[in-house]
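**Student:** Pasting a structure below so you can have a look.
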Amino acid sequence: MRIANRKIILALLAVASIACLLLFGARGDGQEAGEVYQHNEGTVFGTLYHAKYLYDKDLKAEIEAELQKVDASLSMFNPQSTVSQINRGESDETDEMLDEVLSLSYTINKATEGAFDPTVAPLVNAWGFGFKNGQLPDSAQVDSLRALVGLSGIHLQEGRLTKDNPRSILDFSAIAKGYGVDRAAQVLRTYGIRNFMVEIGGEVVTEGVNEKGESWRIGINRPDDDSTSTSTELQDVIALSGKAIATSGNYRNYYVSEGRKIAHTIDPLSGYPAQQDILSSTVLAPSCAEADGFATAFMVLGLEKAKAILKKQPQIEAYFITSDEKGNYQVWCTEAFETLRVKN
């Protein structure tokens, strides 16, 4: 009799368990016992980073160690970095990270017809960004510096880098943050983590779900002029999982000289600050470095040329904010990007 009663009880518990699964949904986030969402933040590359991930251990030290490796390879503001030593002509030896970023740079440079070019640094500096000199260049200076610009003059072979013009320098600022996010995300994947979000200065990689069990919510800022970087008003919010996103815009990094707005995105082909109709360029891609590079290039190219390039790059999606004649913001995005927008 006791055995029969036990069977009945077990059967009832099984039915109850199935009912709970139907009511609340089976747990599909891969969470194991003892795991909680860890929250890490800190400073890197002159900005802030944030990481949220589902795991039973805090991995802040591991994440920051990887980000420091990126800094030691790619930072122009670290005098001992690999790229800094190459720029000064003290070494021609590269490393794994620089090789990866330079290889991707070649690809994006070709895909954007030269609009993305990490050799644009001399012009960036001349226009008062990067290592500022405080004086605007004239046309003769711009023409002279353009001779130093062109990724085709940079050659990488078996871990050594040579330059056609020894005065040419590399600046990976337009792709290094995105690459840093990718490397931090890879650290988390190495530990088998399937639910995470990593962000550096607005460049983001997502995987799985957030603490609410939903796709990660990522905001796209309104491109209001804000050189203090304090404005947080959003133009849009998207639901994202398993993708990287990066945004480029001239609404924060700029200055005004003699009544003229000088923005930090420099056209490597003309040598002058880009004066295009795109105010903010947001790109989705398999990697954040790729999204970062294309977002910058689209700021240089403008809306119509960017649309033409998107047709040839099926792996990326884009969201552009432009302004009409009355100064009202207009949004154009690819069809796949449209499906990610969170409706209010």
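The values are calculated or read from the model by the stated rules, or taken from the named source; none is laboratory data. Computed from a predicted model, the values in this text were never measured in an experiment. Because the Cβ atoms are built from the backbone with ideal geometry, glycine has one as well, and the counts that use them run over all protein chains shown.
**Student:** Only one of GLU90, GLU100 is assigned to a loop (DSSP other than H, G, I, E, B), within 19 Å of LEU161 (Cα to Cα) and modelled with pLDDT of 95 or more; which?
**Tutor:** GLU90
**Student:** While we're on this one: Quick check on this structure: which one of SER139, SER215 is free of Cβ contacts under 8 Å to residues at least 40 places away in the same chain and within 22 Å of the chain's Cα centre (by Cα)? Walk me through it before giving the result.
**Tutor:** Working: SER139 fails: within 22 Å of the chain's Cα centre (by Cα).
Answer to the selection: SER215.
**Student:** Cβ contacts < 7 Å: first residue closer than 10 Å to GLY153 by Cβ, restricted to region 163-180; second residue among the hydroxyl-bearing types (Ser, Thr, Tyr) and at pLDDT 95 or above, any location; separation 6+ or different chain. Result?
**Tutor:** So the pair list comes out as SER168/THR119.
Yes/no per residue for (1) surrounded by fewer than 19 Cβ atoms within 10 Å (Cβ to Cβ); (2) not hydrophobic (A, V, I, L, M, F, W, C):
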{"site": "ARG160", "(1), (2)": "yes, yes"}
{"site": "ASN165", "(1), (2)": "yes, yes"}
{"site": "ALA185", "(1), (2)": "no, no"}
{"site": "TYR191", "(1), (2)": "yes, yes"}
{"site": "PHE196", "(1), (2)": "no, no"}
{"site": "GLU203", "(1), (2)": "no, yes"}
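**Student:** Something else about it: Is there a residue being among the polar types (S, T, N, Q), within 16 Å of the chain's Cα centre (by Cα) and surrounded by 20 or more Cβ atoms within 10 Å (Cβ to Cβ) anywhere in region 76-85? Break it down into steps so the answer makes sense when it comes.
**Tutor:** Going through region 76-85, the residues among the polar types (S, T, N, Q) turn out to be 78, 80-82, 84-85.
The next check asks that each one be within 16 Å of the chain's Cα centre (by Cα); those that pass are none.
Taking every residue of region 76-85 in turn, none turns out to be among the polar types (S, T, N, Q), within 16 Å of the chain's Cα centre (by Cα) and surrounded by 20 or more Cβ atoms within 10 Å (Cβ to Cβ).
**Student:** Which of the residues spanning region 227-245 are at pLDDT 95 or above and in a loop (DSSP other than H, G, I, E, B)?
**Tutor:** Residues satisfying the conditions are SER241, GLY242, LYS243.
**Student:** Within region 77-101, how many residues are in contact (Cβ under 8 Å) with a residue 12 or more places away in the chain and in contact with a helix residue (DSSP H, G or I) (Cβ under 6 Å, 6 or more places away or on another chain)?
**Tutor:** Residues that pass the stated criteria total 6.
**Student:** What are the residues in region 328-344 that are within 18 Å of ALA244 (Cβ to Cβ) and touching a residue at least 60 places away in the same chain (Cβ under 8 Å), if any? Break it down into steps so the answer makes sense when it comes.
**Tutor:** Looking only at region 328-344, we keep the residues that are within 18 Å of ALA244 (Cβ to Cβ), and these are 333-334, 336-337, 339-341.
Within region 328-344, PHE337, LEU340, ARG341 qualify.
**Student:** Also: Got at least one residue in region 119-126 being at pLDDT below 90, of a type outside the set (Lys, Arg) and in a loop (DSSP other than H, G, I, E, B)?
**Tutor:** Looking for residues that are at pLDDT below 90, of a type outside the set (Lys, Arg) and in a loop (DSSP other than H, G, I, E, B), one finds none in region 119-126, hence no.
**Student:** Let me ask another. Touching a helix residue (DSSP H, G or I) at 6+ places or on another chain (Cβ under 8 Å), over 22 Å from TYR49 (Cβ atoms) and not in a loop (DSSP other than H, G, I, E, B): does that describe ILE108?
**Tutor:** The answer is yes for ILE108.
**Student:** May I pose another question? At least 3 residues that are modelled with pLDDT of 95 or more in each: list the strands (runs of 3 or more DSSP E) lying fully within region 246-322 that qualify. First the steps, then the outcome.
**Tutor:** Values: elements: 254-257, 260-263, 278-285.
Qualifying strands (runs of 3 or more DSSP E): 278-285.
**Student:** Only residues that are touching a helix residue (DSSP H, G or I) at 6+ places or on another chain (Cβ under 7 Å), within 16 Å of VAL187 (Cα to Cα) and either of a type in the set (Ser, Thr, Tyr) or assigned to a strand (DSSP E or B) (or both): list them for region 50-76, please.
**Tutor:** Those that are touching a helix residue (DSSP H, G or I) at 6+ places or on another chain (Cβ under 7 Å), within 16 Å of VAL187 (Cα to Cα) and either of a type in the set (Ser, Thr, Tyr) or assigned to a strand (DSSP E or B) (or both): ALA51, TYR53.
**Student:** Can you pull out the residues in region 105-118 that are surrounded by 22 or more Cβ atoms within 10 Å (Cβ to Cβ) and either at pLDDT below 95 or not polar (S, T, N, Q) (or both)?
**Tutor:** Of everything in region 105-118, those that are surrounded by 22 or more Cβ atoms within 10 Å (Cβ to Cβ) and either at pLDDT below 95 or not polar (S, T, N, Q) (or both) turn out to be ILE108, ALA115, PHE116, ASP117, PRO118.
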